[in-house]
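Peer 1: Below you'll find the structure I mean.
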Amino acid sequence: MDYALIMAGGAGTRLWPLSREHLPKPALRLYGDQSMFEIAVERLLPLFSPEQILVVASADHNQVLHEQVPSIPEANFIIEPEGRGTAPAIGLAAIHLEARDPDATMAVLTADHIIGKPDVFRSVISSALAFAKDGYLVTLGIKPTWPATSYGYIEQADLMGEKLGFKAYTAERFVEKPNVQNAQRMLNLGKYSWNSGMFIWQVDRIMGEFRWQMPDLYARLMRIAETIGTEQYDPVLCELWPGIDKQTIDYGIMENAKRVIVLPADMDWLDVGTWNSLKTVLVSDEKGNSRSGEVVLWDSENSMVIGGKRLVAGIGLENMIIVDTPDALLVCDMAHAGEVKALVEHLKEIGRQDLA
């Protein structure tokens, strides 16, 4: 059977002070009446039933996510004792799926991406599932529309085939987040995709890659797998998990994996990773200002203000971000939005974990 795995474990500290350790980015209603997690589940439902959707989250986030989408069985929420990166999280989900269905195919997806063309998204997922059943590790590429420096890239090589209207190419290499010059060069060449961080594969294929490329992680996962469904599961998981090295699936597996293909698609995709990226989604007025909540702006331009329970008024703002919450207020020049994560780390260092 086909399954979808939603990765919902990140705290999203770049969107502080709205996103916190106790209220992760996927649970936020950043635009509209639904949270990003609710939207992520809703766009999957035509392809996957709630019973076919698994979620990886931390213990702190599990309850709020399950309350938002109670149709997903509680047993489908896989808890990480602590964040160790995407490779261990995916491995943990894979051993749970393997215990259920050794022949399972899994689509690894995210809970914090905006996808403006959900029909295209579902179609390319269907195509990717078909390729995965041929033994490929499939990554979804996004056709780049500007020289983005905040995304990784995938170089496309030979055409490998076409299924359900989508062409697949050999993934020649994964490229780090580039500078502006390299991003423009890759855009001009036309054979690069943005790395969406979404993957599709058969469970036995990805477990084979873990065994070959990350043997220590694989050995720990196998010890955990032996206890699934028993009273020993939680103690063994909590004992072994902290000793696992932090690693992403890109570095740990994909860069050196065998038979990796990329399916480029135009699905109107955006990774909402920073306040700057969120501003591109919110409606702006004639002066480029975006606002949410009760906000009054005077003689201001190209700014974003997110109000809370009180009126927020701004005068003479230019290229500013203001986010008001009951216990913390962020005031930030847009040019420094990428430093919010470091600010959160500083709060922890000075003993204000209660605000992180």
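Laboratory data are not the source of any read-out in this text; all were calculated from the coordinates shown. Computed from a predicted model, the values in this text were never measured in an experiment. Heads up, the Cβs are rebuilt from the backbone with ideal geometry, glycines too, and the neighbour counts pull from every protein chain shown.
Peer 1: Please enumerate, by chain and number, the lysines with C-alpha under 27 Å from the C-alpha of LYS258, excluding those fewer than 8 residues away in the same chain.
Peer 2: Those lysines meeting the cut-off are LYS133, LYS143, LYS163, LYS167, LYS177, LYS191, LYS246.
Peer 1: Would you list SER284, SER71, SER193, SER292 from fewest to most Cβ contacts within 10 Å?
Peer 2: SER71, SER284, SER292, SER193
Peer 1: I need two numbers for segment 1-141: Rg to one decimal and Dmax as a whole number, Cα atoms only, in Å.
Peer 2: 14.6, 45
Peer 1: Kindly put GLU42, GLU80 in sequence by how many other C-beta atoms sit within 10 Å of each C-beta, fewest to most.
Peer 2: GLU42, GLU80
Peer 1: Tell me the Kirkwood hydrodynamic radius of the chain in angstroms, computed as one over the mean inverse distance between distinct C-alpha pairs.
Peer 2: Value: 21.5 Å, from the Cα pair sum.
Peer 1: By how many nm would the segment from GLN184 to GLN34 grow when fully extended, if each residue of separation counts as 0.36 nm and the alpha-carbon distance is taken off?
Peer 2: Stretched fully, the GLN184-GLN34 segment lengthens by 50.5 nm.
Peer 1: Restricting to the chain, what percent of DSSP beta bridges are antiparallel, rounded to 5?
Peer 2: About 50 percent, rounded to the nearest 5.
Peer 1: Ok, one more. Using only the alpha-carbon atoms of segment 209-324, report the extent along each of the three principal axes, biggest first, to the nearest angstrom.
Peer 2: 62, 38, 22
Peer 1: Here's another thing I want to ask about it. Modelled label-to-label distance, LYS167 and SER284, 7 Å Cα→beta-carbon offset: nm?
Peer 2: Each label point lies 7 Å from its Cα, and together they span 3.4 nm.
Peer 1: A further question on this structure: What list do you get for VAL283, VAL175, VAL340 if you sort them by fewest beta carbons within 10 Å?
Peer 2: The fewest-first ordering by Cβ neighbours comes to VAL283, VAL175, VAL340.
Peer 1: Can you tell which of PRO73, PRO24, PRO235 shows the greatest fluctuation in a Gaussian network model of the chain with Cα springs below 10 Å?
Peer 2: Sorting by GNM fluctuation, first place goes to PRO235.
Peer 1: So, one more: Under a crude label model (7 Å from the Cα following the beta-carbon direction), how far is ILE315 from GLU239 in nanometres?
Peer 2: Label at ILE315, label at GLU239, 6.5 nm between them.
Peer 1: Using a 7 Å offset from the Cα along the Cα-to-Cβ direction at both GLN232 and LEU270, what is the distance between the two label points in nm, to one decimal?
Peer 2: Those two pseudo-labels are separated by 5.0 nm.
Peer 1: Between GLU349 and HIS336, 0.36 nm times their residue separation minus their Cα-Cα distance comes to what?
Peer 2: Stretched fully, the GLU349-HIS336 segment lengthens by 2.7 nm.
Peer 1: Next question, about the same structure. Is any residue of segment 65-84 close enough, with backbone N under 13 Å, to a label point placed 7 angstrom from the Cα of LEU45 along the Cα-Cβ axis, and if so, which?
Peer 2: 69-72, by backbone N distance to the label point.
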